[in-house]
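These notes are about the structure you will find just below.
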Amino acid sequence: MYPELMVIPMREELVRAGINETRTAEDVDAALAQPGTTMLVVNSICGCAAGKMRPGVRLALGNSTNLPDHKITVFAGQDYEATDRARSYFEGNPPSSPAIAILRDGKLVYLMQRYVIEQSTAPQIAGELVRAFDEFCAKTTA
């Protein structure tokens with residue numbers, strides 16, 4: 001576990017982008033119990049999170065018209081219970097940090113894992129997230 005002072009800027013980068021921190025297992029459950037779509041970002045101190053994932057998420061949120069209804073984050077290696085609970089919603093997928101998931105009504109519909117993030121640039125991550133937002137978060141009209 002890193003000193004909290006070191007991770008504050010990494011937490012704040014996503015919070016400034018409008019993503020709510022969930023720091024306990026109960027916070028995660030409450031957030032994912034909300035109806036609709038939720039983007040869940042597993043934040044991390046690693047270089048691919050700093051150089052690619054967080055900037056990619058911010059770019060996607062600024063360039064999509066089909067945003068998730070809710071946006072939350074957990075911090076791997078810092079908020080252990082929250083991260084474990086978040087990963088429990090990833091239905092058989094191995095733990096990954098960083099990672100970006102989209103859940104609909106608490107059920108996983110999309111997951112971008114670390115191996116994809118490591119091989120992508122921030123603009124590529126943003127483009128893939130915008131595509132996923134369009135596919136999974138678009139509002140339907142009756």
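Numbers at a glance
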quantity: Fraction of alpha-carbon pairs over 20 Å apart in region 48-106 - percent; calculated: 32 percent
quantity: Pairwise Cα inverse-distance average, inverted: Kirkwood Rh of the chain (Å); calculated: 14.8 Å
quantity: Whole-Hz ³J(HN,Hα) from phi, Karplus 6.51 cos²θ - 1.76 cosθ + 1.60, for region 79-86, glycine and proline x; calculated: 9, 4, 5, 5, 5, 4, 5, 4
quantity: Expected 222 nm ellipticity per residue - DSSP helices of 4 or more, -39500 (n - 2.57), all of the chain, to 500; calculated: -12000 deg cm²/dmol
quantity: Burial order of peptide ranges 66-77, 22-33 (average beta-carbon count within 10 Å, highest first); calculated: 66-77, 22-33
quantity: Cross-link partners of Lys107 among lysines (Cα-Cα below 20 Å; sequence separation of 8 or more within a chain); calculated: Lys71, Lys139
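Read-outs throughout are calculated quantities, based only on the coordinates presented, and are distinct from any laboratory measurement. Small disclaimer: the values here were computed from a predicted structure and weren't measured. Here the Cβ is made from the backbone with ideal geometry for all residues, glycine too, and neighbour counts use every protein chain on show.
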